[in-house]
Each structure stands twice: as structure tokens, then as C-alpha cells.
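Okay, so here's the structure we're looking at.
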């Protein structure tokens, strides 16, 4: 806990009283959401495209097992992902807190992870500053259950990673579980919600709340004494923070969601907020964990998909089902072609080390981006996201774990992005001598030039009524595909 606390700097949080009572919370939110600061911040987000998600905490030491039992074999219901260890094993709060006594990661973790994110071609990093277990990876004035006060590591891990990321030119975001806190968040408002639902004859799902050993305080007390203050602490600790990524919003009330958003805006209006703050108060959407929307879906805000590199978010020592480099590239390019961002997760072990198979794949994606990044960063969705075989759905973390990935890519598959009057066509297989792109026939507009990214070789091309035909004989393209930039004549 800091000797000079941030609690004195936390403003009283309440809905605005400068207008008539009829001014709804959403009207107040919209005024903030449409501010020049938010617009500028969202312009950055829309260009960033690719970020690293990091799930790391006390649970990382357990590596997906508790007392010799794998989380997959827990007798209790719940997610089989490593960061849900406390819930899925129903571990009492005091017993779980003992993990803090041995949390002592390598001091090089921050620089190593920041360098990996940079090498991977990522532009921003988001880390779990506090996950559902209630443990803070930063020095908190509002709770002693943090990395400085409760562990032998004794240093502010979040500030260390923040500094390392900024040194690498990476933007920084903070994940914060506001709705779930199994340490101090009592039953997560479950009893109150259940009482109201029972009166309506509606079933209440437990939503990952602590019903096995809830803290004795009231939920509102948790918000007032821990959650709101800790969010304010993060904003003061990290002055160049780009975003706060909330989670666990299931039983948060509309006013509580609004107060989180307003608190952030009042301290730093440049910080954007994801939709999981609750009640449609976010600045941007997420498609869901490991979910990619169909090309036919219409999303009314900028959006992001967060995904895993294996089948867990936190470190799970025995989960070696790593997505291949090509599979990661497919999800990434599919998301970007639909106008979204990809926030790809790594789960470091208790020492702060990212498993080498994961690191290797990320670096290979980074090598692809060094050549083809122009087709990704700063682009927008074109009128046609994809041509070729039907979409391969990604319906959630469990979907990929159960179904695997068996898609075969062909020379007929192309994904498209655009930037001004340039359309990028992206393939995930090496180029054949003759390449045909159907979506870039004469109906697409008059083509002025075609470039193969990463090459000085002049591309011979012909635009017919039905396709753009390229002669790439002898062109060197990577095993994970290539991209071409197609310059269209500007419409008058």
C-alpha cells in the first residue's frame, strides 16, 4: 500500500446534477462518449488493430491444478480455464490468499513481455490488474491484497509493465474485474438480484459469483471502498493509460455501470472503456471471448475480439493445444477484414514467463506483419470482407477446444481491407504463378496500380470484367501468404 495514498484524490462519484432530472444516465453518457477526447481516443483504437491480452496473477502459480487435481476434473461446475481456479474448486478466501506468499516472479518479466508484444507486431497491451479473485497486481491504497503488500515480490508489477511497454512504443490498457471480486465483493449482488427475479418468476444464474465463501460486507460497500477507488488509483498510477477493460458486469446496476464510466471520464477523458462496464455504457464493443461475428452482422460501435492462444486464458501447464501461426493469422485477418481489432491472449506462468510455443507463434505472426502490416494497421472494412470458401465460425473458447481447427486455405481465399483509395487483398497461402481476385473486377472501380507488399518487383496485372488477374511468376511470397495493394481511381 502506498505511503501517500490516492484515496484523497478520488472524487465523489455521483450522476451529474447540472441538468434536469429527466436527463437520463444514457444522455449524460452520450455527451461524454461524443467528446473530442473520446473521438480522438477511438480514432487511435480503430487504427491499432492488434493487441496483447495478458491473464496473470496468483492462479498462474497453480498452473491449472489444485492439490493435485486438474481444473478439468474439479467436482464443481464452472469454467475450466486456469484463472477461474478459486471458483471452480470453491477455494475459501483465506486459503486462496496463501498463494500470495509464494508469488515472486522474475524481475525481467516486464521487459520480456513488452519485447514479445513488440516483436509480435502488436500495438497495445492489456493486462489483468485485478481479476475475479480480487488480487491486485499494483500497489493499491484500497486493499492490502496486492502484489506489494502480500507477496515477496514487493514491487508494483503493473507500473513495471506499463513503463516497459511505453519504452517499446506500445499503448497500455488495464483489465479490471469490477463486477466479480471473490475476495471482497461478497456474493456479487446475487442475493438482491435473485430476490427481484424470484418475484418475477425468473431464474437467476449464478454468473460466477462467490456463493461458497462470500465476504461479510455489503456489495455496495465493496464498490465504494475498493472497486471505485482502485479504478481511480490506476488512472493516477498510469497517466498515459489508453483503455480500461472491465469484466464481470452481470449483476451491476445501471447506475453503478454509469458511475464507473463517469469516474474514468472525470479523471482522464482520453481513456476509453469496453462494453463490459455494463448497460451499453462502453465506448466500444467486444464480440465475446473467442467469438468472431459473421460478415453479415452489423455492429453499431467499433469492436474487438479477445482470443486465446490455446484453450485457457491463465497459465495451464498441461494445455498444449496451441493455435498454429496460420490459424492465428486467419482469425486476425478475418477480424480486421470485418473492421474489428484482435486482442490475443498470453498466459505467463507464475514466474512471468510466456510459454515458448506461444512466443514462437506470436513472433512468426510478427514476421508476417513486418511484410504485410500495411494491409492491416490503420485500415477499415471494405465493401467485401472475403471471397472464397465459407466462413469458419469461432463460437467461443469451448467451441475451439471441442471442435479443433481443420480449415484448409486455398488460392481462391482472399480477405480485404482498405485505406483511402487503396484496397488490400490478403491471402494465407503462397502465391501461385497466376492469381485471380474476383472481387476486384471492373465493377470494383478502375485500377491504377497493383503492388505486392514487401517486394520491389513490378506486378503485371489485367483487370477484366470479372476479376483482377495477376502474374506473380517468380515472386517470393511467404509460407503464410501475401498481400497486394490495389490502387483504385478516386470517384469524382
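Overview of results
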quantity	calculated
Residue within segment 5-19 that is at pLDDT 95 or above and surrounded by fewer than 19 Cβ atoms within 10 Å (Cβ to Cβ) present	no
Hey, residue 404 on the phi > 0 side of the Ramachandran plot and outside the structural domain of residue 48 (by TED's automatic domain parsing) or not	yes
Residue check, residue 243 within 16 Å of the chain's Cα centre (by Cα) and modelled with pLDDT of 95 or more	yes
Exclusive hit being modelled with pLDDT of 95 or more and under 24 Å from residue 116 (Cα atoms), set 56, 29	56
Positions within segment 459-474 being surrounded by fewer than 18 Cβ atoms within 10 Å (Cβ to Cβ) and either at pLDDT below 95 or in a strand (DSSP E or B) (or both), in sequence order	460, 462, 469, 471, 473, 474
Which numbered condition residue 482 misses (of (1) assigned to a loop (DSSP other than H, G, I, E, B); (2) closer than 15 Å to residue 371 by Cα)	(1)
Verdict on residue 412 being part of a loop (DSSP other than H, G, I, E, B) and at pLDDT 95 or above	yes
Per-region count, segment 259-275, residues part of a helix (DSSP H, G or I) and either closer than 21 Å to residue 40 by Cα or not assigned by TED's automatic domain parsing to the domain that holds residue 176 (or both)	9
Every residue from segment 63-78 that is free of Cβ contacts under 8 Å to residues at least 40 places away in the same chain and either under 22 Å from residue 102 (Cβ atoms) or part of a loop (DSSP other than H, G, I, E, B) (or both)	66, 67, 68, 69, 74, 75, 76, 77
Answer from 400, 381 - the residue that is in contact with a strand residue (DSSP E or B) (Cβ under 9 Å, 6 or more places away or on another chain), in a helix (DSSP H, G or I) and within 26 Å of residue 117 (Cβ to Cβ)	400
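The values are calculated or read from the model by the stated rules, or taken from the named source; none is laboratory data. Keep in mind the model is a prediction, meaning the values are calculated, not measured. All Cβ positions, even for glycine, are placed from backbone atoms using ideal geometry, and neighbour counts span all protein chains on display.
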